[in-house]
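Inspection log for the structure reproduced underneath, given as structure tokens.
The values are calculated or read from the model by the stated rules, or taken from the named source; none is laboratory data. Note that the coordinates shown come from a computational prediction; the quantities given were computed from them, not determined experimentally. In this analysis, Cβ positions are derived from the backbone assuming ideal geometry, glycine residues included, and neighbour counts consider all displayed protein chains.
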Amino acid sequence: MIHTKERIFETALNLFAEKGYKATSIRDITKATGLSVAAFYNHFKSKNELLQAIYDFYRGLDNTAPATKPDFEQLLDQMSPFDLFDQMAQQIIESLLDEKLVKLTRIIINEQYTNPTAGEIAFRDRQMLLTSMAELFAAMARKGMIKVNEPESVGRLVGYMYLGFATENIHDSILGHQDPRTVVNHQLALIQSLLREMVTT
């Protein structure tokens, strides 16, 4: 059985994707879900709060729990840098094959420069990516897996590569209707080529 909040999330996500975020009213959402406007406000204070809740729900985030960062030291004990980036590529492919995540991504991208909630989501995601890449390369350097000057700076540069990849993924996989496996695996090959220049023998 779908809970009321999840029903609102799914309905609003579809309406935002079809009509646009600005053009979709709270009344549109309540009408499509069969709820009253008062019932909507029992769950959310505003459409922006709903957008944030939709993002958290479909990205698997829990605002009631402290955010946890990947334990790169532990991950690198279990796999090589090449395997780790391969795993990341597979996660990207899965997200590009998930219809709801694709809709959500398009909404955030379309609204990030005009809507404060979407803008904050996009900004946090970019900063999280850059920070994670810096921490990953620092961990690889500490474990003697790579030899490079200023590993955190190199990691941030790789993070910026991934931001560029994200733009390519959106265009090719979402707008261009190309198979995301082909696009992402090509990107993975570029990352692996870069890694080969750094990995210690």
Mind checking which residues of the stretch 27-46 are crowded, with 16+ Cβ neighbours inside 10 Å and touching a helix residue (DSSP H, G or I) at 6+ places or on another chain (Cβ under 6 Å)?
Ile29, Thr30, Ala32, Thr33, Phe40, Phe44
Got at least one residue in the stretch 113-121 being closer than 26 Å to Asn185 by Cα and of a type in the set (Gly, Ala, Ser)?
no
Residue in the stretch 87-126 that is surrounded by the fewest Cβ atoms within 10 Å (Cβ to Cβ), counting only those that are of a type in the set (Lys, Arg) and over 19 Å from Gly164 (Cα atoms)
Lys100
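Which is assigned to a helix (DSSP H, G or I), acidic (Asp, Glu) and closer than 23 Å to Ser80 by Cβ, of Glu168, Glu152?
Glu152
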Just one listed residue, out of Leu163, Leu188, Leu129, is surrounded by fewer than 16 Cβ atoms within 10 Å (Cβ to Cβ) and either within 18 Å of the chain's Cα centre (by Cα) or part of a helix (DSSP H, G or I) (or both), and it is Leu163
Exactly one of these conditions fails for Leu96: (1) assigned by TED's automatic domain parsing to the domain that holds Ile8; (2) modelled with pLDDT under 95; (3) in contact with a Ser or Thr (Cβ under 8 Å, 6 or more places away or on another chain). Give me its number.
(1)
Lys103 vs. criteria more than 11 Å from the chain's Cα centre (by Cα), within 19 Å of Val184 (Cα to Cα) and at pLDDT below 95:
yes
Positions within the stretch 110-144 being in contact (Cβ under 8 Å) with a residue 12 or more places away in the chain, closer than 18 Å to Gly159 by Cβ and of a type in the set (A, V, I, L, M, F, W, C), in sequence order:
Ile121, Ala122, Leu129, Leu130, Met133, Ala134, Leu136, Phe137, Ala138, Ala139, Met140
